[in-house]
Amino acid sequence: MPAILLYAAASLFYAILAFHFWRTRWRGASAPRLARLERAAILAPFALHTWLVYDMLWAQSELHFGFGQALSVMLWLAVLIYWIESRFLELEGMQAPILALAAVCAPLPALFPGLAGAPYTHSTEFRLHLALAMVAYGMFTIAALHALLMTLMERRLHGGALAGPLAALPPLLTMERLLFQIILAGFVFLTLTLATGIAFSETLFGRAMKFDHKTVFAVASWLIFAALLAGRYLYGWRGRVALRWTLVGFVALLLAYVGSRFVLEVILRRGLV
């Protein structure tokens, strides 16, 4: 079967499930616990997406990795993290947005295949750096969705009692504690990403890491999350301050690679650097 049909199938399955969860959770009067059949159903498009990610990153003789591939891998990781997380906590409000985003992002490599990578992209060092970066992206994608749901919960609480899927979510304090655990894990992977980028730049190119837009946004994101974690530990930052800076840090991180790659690939038509 042609790869584009497999991408289309994964996207369609994700979209069907997103619609199902939107109809039964967000529009329904109640928010039933994630059923075993529904949990198994999520694994169907995820398994297909997993195979496509593997084929894209490891099975091809030439690596093509751009903004489309990055977004596809990010949402693949986000679905994986959510699925594991939902085994321990009731996160009824998160299925529809995560699966809808996965439906949009999963087929992007077929629509935007990217340009051929440079020879160094086949090295073990670059693959490790790329893997660490994608895990960080996946962690912060989940953190951003948590922050958006918490913002919605906070606004609804000011207007009265929670209803629907928001009522099935853990209390705000529990969600906040989980949010900072995810941010801390993502921050560790982001730190390793920057560290390997610096180290491998010397190994692969014999020079310091290039100070370009990608580096500026990545370092800015690292500083934002470092300040947020420090503020949480030292001053007990929480509530709207924490949510606002979580989203700002995520946007900066998104611009670091996805935004710059979109400009390079689609507008300037340049290869992976």
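The values are calculated or read from the model by the stated rules, or taken from the named source; none is laboratory data. Quick caveat, the model's predicted, so the values are computed rather than measured. Ideal geometry is used to build each Cβ from the backbone, glycine not excepted, and the neighbour counts take in all protein chains shown.
Among residues of the range 242-270 being at pLDDT below 65 and buried (at least 19 other Cβ atoms within 10 Å of the Cβ), the one that is nearest to GLY68 (Cα to Cα) is GLU265.
Do we have any residue at all in the range 209-217 that's modelled with pLDDT of 80 or more, surrounded by fewer than 19 Cβ atoms within 10 Å (Cβ to Cβ) and more than 30 Å from LEU157 (Cα to Cα)? Spell out the reasoning first.
Our first condition is that a residue be modelled with pLDDT of 80 or more; within the range 209-217, this holds for 215-217.
Still in the list and also surrounded by fewer than 19 Cβ atoms within 10 Å (Cβ to Cβ): 215-216.
Remaining after also requiring more than 30 Å from LEU157 (Cα to Cα): 215-216.
Yes: the range 209-217 contains one or more residues that are modelled with pLDDT of 80 or more, surrounded by fewer than 19 Cβ atoms within 10 Å (Cβ to Cβ) and more than 30 Å from LEU157 (Cα to Cα).
Taking the range 69-92 as the range and being among the β-branched types (Val, Ile, Thr) and surrounded by fewer than 16 Cβ atoms within 10 Å (Cβ to Cβ) as the test, only ILE84 passes. In the range 29-52, of all residues being of a type in the set (A, V, I, L, M) and assigned to a loop (DSSP other than H, G, I, E, B), the one that is modelled with the highest pLDDT corresponds to ALA35.
Given the structure, is MET139 farther than 22 Å from ARG23 by Cβ, assigned to a helix (DSSP H, G or I) and either modelled with pLDDT of 90 or more or of a type in the set (Gly, Ala, Ser) (or both)? Break it down into steps so the answer makes sense when it comes.
Numbers: farther than 22 Å from ARG23 by Cβ: yes; assigned to a helix (DSSP H, G or I): yes; either modelled with pLDDT of 90 or more or of a type in the set (Gly, Ala, Ser) (or both): yes.
For MET139, the condition - farther than 22 Å from ARG23 by Cβ, assigned to a helix (DSSP H, G or I) and either modelled with pLDDT of 90 or more or of a type in the set (Gly, Ala, Ser) (or both) - is met.
Does PRO119 fit the bill of being touching a strand residue (DSSP E or B) at 6+ places or on another chain (Cβ under 6 Å), at pLDDT below 90 and either crowded, with 21+ Cβ neighbours inside 10 Å or farther than 30 Å from PHE180 by Cα (or both)? So PRO119 does not fit the description; no. Just one of the numbered conditions (1) among the acidic types (Asp, Glu); (2) at pLDDT 80 or above; (3) within 30 Å of THR196 (Cα to Cα) is not true of GLU125: (2).
Restricting the search to the range 226-238, which residues are farther than 20 Å from PHE189 by Cα and surrounded by 13 or more Cβ atoms within 10 Å (Cβ to Cβ)?
Selection gives TRP237, ARG238.
Residue check: HIS146 meets all listed conditions (1) in a loop (DSSP other than H, G, I, E, B); (2) at pLDDT 70 or above but one, namely (1). Here LEU57 passes the criteria (1) at pLDDT below 90; (2) within 16 Å of PRO97 (Cα to Cα); (3) of a type in the set (A, V, I, L, M, F, W, C) except the one numbered (2).
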